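K.L.:
My questions will all concern the structure given below.
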Amino acid sequence: MDGDRPSKILIVDDHSENRKLLASIITKHTDHQIVTASGGKAVLEHIEDERPDIILLDIMMPEMDGFQLAKILKAKEKTRDIPIIFITALDSEEDKVKAFEYGGIDYIIKPFNHREVLSRVNAHLVAKRHLEQITEFNETIRYELSISRQIQKNFISLKELHDGGLSVYTRYIPKEEISGDIYDVIKVGDGKFLCFIADITGHGIPAALYTMMLKSSLEKQIRNPEVPLSPSGVLLELNKELCETLIPGFFITAFLMIVDLNTMRCVYANAAHPAPLFYRASTGEFVTLPVRSTILGVKKSLEIAEESISLEQTDKILLYTDGITEMTGDDSRILGENSLREIFASNSAASGNELLDKMMGDILAHSADKTWDDDVTLMEIEFSPKE
């Protein structure tokens, strides 16, 4: 164990000769600190103050045997992670199995070989330290992910928007701490709004980093006077930049539309993103907006088509990511666009947050385990003419 910090080893045995023998074996070859106890009662009185790195535990002891002590220690939050090596004269298969069932990590039979005891103790101490390092690393990652989630949450801050005749409501649920979905609504003129939703391959840290890059790039393209302020113009410029920055294996789907409340018209373009659903309030008709081009970030040379649709008061458009339509049900079937349209239609009498709450409940009811399989974003947009 050269180079390792000394460990604290607790030896529990009702015979002082056995305690002394084990202590001498360990201290002769290591710098480990030895603590001894003659029984379970003494251990329970002091173990939280004298927390050992490992316990060498006899089984046959008066008042409280080793199995009983192990059961108590494994039931306590502060002691359940302390490794226990049983050292005993009991050699039956039943006792060995029982020892492991009560939380032991090893079983040494008396009389024992000195080198074997030392090797087993050292091996388990090394394993414990590796586990502690992994646990510490995981705690650091969890903390950093929680901070990253808050940063991304602030970055993707739109929950609800009311501006002139435009009302926007959103639901955003990352599968992990951070997400590969991104959305935004940006005012680009008097009564004109750019609405954007995108999904980066996968989820987790890489996808989340790309969402922040994509949002910054989007804002840059909108401010650039040389970039046509049109859905296809903005998406084409985004694609050029993404082709330079995305690593192989990553790509982005996106839908972008520009709403003009002065003319009550919407122009849109779709780069391989799930087709939004449009509800015409005056007729009760539900249609998709399916004009699709290819994904972004793979080919520099693209053609992105545009389409337009007229808007009427109380019309609704539903934008979403594929975490919605690809949710798997009890029968292993995905929800799909048709079922989403039915859910949208069945709740269309509601609006805003009430509509989204009802839809999210119906969508989640489809899930086999009632959890989200992927990052989920839902954005509902309602219109009325600019006054």
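K.L.:
Note down all Cβ pairs under 7 Å where the first residue falls in region 252-264 and is in the same structural domain as Glu241 (by TED's automatic domain parsing), the second is among the hydrophobic types (A, V, I, L, M, F, W, C) and outside any strand (DSSP E or B), and they're at least six residues apart or on different chains.
P.N.:
If the second residue must be among the hydrophobic types (A, V, I, L, M, F, W, C) and outside any strand (DSSP E or B), the pairs left are Ile252/Leu214; Ile252/Leu242; Ile252/Ile295; Thr253/Ile295; Ala254/Leu235; Leu256/Val234; Leu256/Leu235; Met264/Leu311.
K.L.:
Tell me which residues, restricted to region 202-230, are farther than 18 Å from Lys240 by Cβ and in contact with a helix residue (DSSP H, G or I) (Cβ under 8 Å, 6 or more places away or on another chain). Outline the logic, then answer.
P.N.:
Within region 202-230, the subset farther than 18 Å from Lys240 by Cβ is 202-209, 211-212.
If the condition is that a residue be farther than 18 Å from Lys240 by Cβ and in contact with a helix residue (DSSP H, G or I) (Cβ under 8 Å, 6 or more places away or on another chain), then Ile205, Ala208, Thr211, Met212 are the ones that fit.
K.L.:
Look through region 328-350, keep the residues that are in contact (Cβ under 8 Å) with a residue 40 or more places away in the chain and not in a helix (DSSP H, G or I), and return whichever of them is farthest from the chain's Cα centre (by Cα). Outline the logic, then answer.
P.N.:
First, the residues of region 328-350 that are in contact (Cβ under 8 Å) with a residue 40 or more places away in the chain: 328, 337, 340-341, 344-345, 348.
Keeping just the survivors that are not in a helix (DSSP H, G or I) gives 328, 348.
On the way: Thr328: 18, Ser348: 32 Å.
Once the filter is applied, the top-ranked residue is Ser348.
K.L.:
Would a scan of region 82-90 turn up a residue that is over 42 Å from the mean Cα position of the chain (by Cα) and part of a helix (DSSP H, G or I)?
P.N.:
Taking every residue of region 82-90 in turn, none turns out to be over 42 Å from the mean Cα position of the chain (by Cα) and part of a helix (DSSP H, G or I).
K.L.:
Of these, Asp106, Asp95, which one is at pLDDT 95 or above, in contact with a strand residue (DSSP E or B) (Cβ under 9 Å, 6 or more places away or on another chain) and over 25 Å from Pro6 (Cβ atoms)? So that I can check it myself, show each step before the final result.
P.N.:
Details: Asp106 fails: over 25 Å from Pro6 (Cβ atoms).
Going through Asp106, Asp95 in turn, just one is at pLDDT 95 or above, in contact with a strand residue (DSSP E or B) (Cβ under 9 Å, 6 or more places away or on another chain) and over 25 Å from Pro6 (Cβ atoms): Asp95.
K.L.:
In region 180-220, which residue that is of a type in the set (Asp, Glu) and within 18 Å of Ile151 (Cβ to Cβ) is surrounded by the fewest Cβ atoms within 10 Å (Cβ to Cβ)? Explain how you work it out, then say what you get.
P.N.:
Residues of region 180-220 that are of a type in the set (Asp, Glu), as a first pass: 181, 184, 190, 199, 219.
With within 18 Å of Ile151 (Cβ to Cβ) added as a condition, the list becomes 181, 184, 219.
Working: Asp181: 27, Asp184: 21, Glu219: 12.
Per the stated criteria, the residue is Glu219.
K.L.:
Here is a further query. Scanning region 38-64 for residues that are assigned to a loop (DSSP other than H, G, I, E, B) and at pLDDT below 90, which turns out nearest to Ile108 (Cα to Cα)?
P.N.:
Of everything passing the filter in region 38-64, Glu63 is nearest to Ile108 (Cα to Cα).
K.L.:
Turning to a different aspect of this structure: If only one of Pro228, Pro290, Pro248 is in a loop (DSSP other than H, G, I, E, B) and closer than 29 Å to Arg341 by Cβ, which one is it? Write out each step before concluding.
P.N.:
Details: Pro228 fails: closer than 29 Å to Arg341 by Cβ; Pro248 fails: closer than 29 Å to Arg341 by Cβ.
From the options Pro228, Pro290, Pro248, the qualifying one is Pro290.
K.L.:
Looking at Ile324, Ile317, Ile309, Ile304, can you tell me which residue is among the aliphatic types (A, V, I, L, M), closer than 24 Å to Phe193 by Cβ and either part of a loop (DSSP other than H, G, I, E, B) or not assigned by TED's automatic domain parsing to the domain that holds Lys240 (or both)?
P.N.:
Every option except Ile304 fails the conditions.
K.L.:
OK, next. For the structure I just gave you, tell me whether Gln33 is touching a helix residue (DSSP H, G or I) at 6+ places or on another chain (Cβ under 7 Å) and either closer than 26 Å to His130 by Cα or surrounded by fewer than 19 Cβ atoms within 10 Å (Cβ to Cβ) (or both).
P.N.:
On the way: touching a helix residue (DSSP H, G or I) at 6+ places or on another chain (Cβ under 7 Å): no; either closer than 26 Å to His130 by Cα or surrounded by fewer than 19 Cβ atoms within 10 Å (Cβ to Cβ) (or both): yes.
When the stated conditions are applied, Gln33 does not pass them.
K.L.:
Mind listing just one residue for me: the one in region 289-331 that is touching a Gly at 6+ places or on another chain (Cβ under 9 Å) and among the polar types (S, T, N, Q) and, of those, farthest from Asp181 (Cα to Cα)?
P.N.:
Gln313
K.L.:
Could I ask something else about it? Out of Pro62, Pro83, which single residue is within 23 Å of Ser7 (Cα to Cα) and in contact (Cβ under 8 Å) with a residue 40 or more places away in the chain?
P.N.:
Numbers: Pro62 fails: within 23 Å of Ser7 (Cα to Cα).
That would be Pro83, the only listed residue that is within 23 Å of Ser7 (Cα to Cα) and in contact (Cβ under 8 Å) with a residue 40 or more places away in the chain.
K.L.:
Within region 111-125, track down each residue that is touching a residue at least 24 places away in the same chain (Cβ under 8 Å) and within 11 Å of Ile54 (Cβ to Cβ).
P.N.:
The initial filter retains those residues of region 111-125 that are touching a residue at least 24 places away in the same chain (Cβ under 8 Å), namely 112, 114, 117-118, 120-122, 124-125.
Listed by number, the residues that qualify are Arg120, Val121, Asn122, His124, Leu125.
K.L.:
Please tell me if Lys71 is at pLDDT 95 or above and either surrounded by fewer than 19 Cβ atoms within 10 Å (Cβ to Cβ) or outside the structural domain of Ile87 (by TED's automatic domain parsing) (or both). Break it down stepwise before answering.
P.N.:
Numbers: at pLDDT 95 or above: yes; either surrounded by fewer than 19 Cβ atoms within 10 Å (Cβ to Cβ) or outside the structural domain of Ile87 (by TED's automatic domain parsing) (or both): yes.
Criteria met by Lys71.
The values are calculated or read from the model by the stated rules, or taken from the named source; none is laboratory data. Worth saying up front: this structure is predicted, and the values here are computed from it rather than measured. Cβ atoms come from the backbone with ideal geometry, glycine included; neighbour counts cover every protein chain shown.
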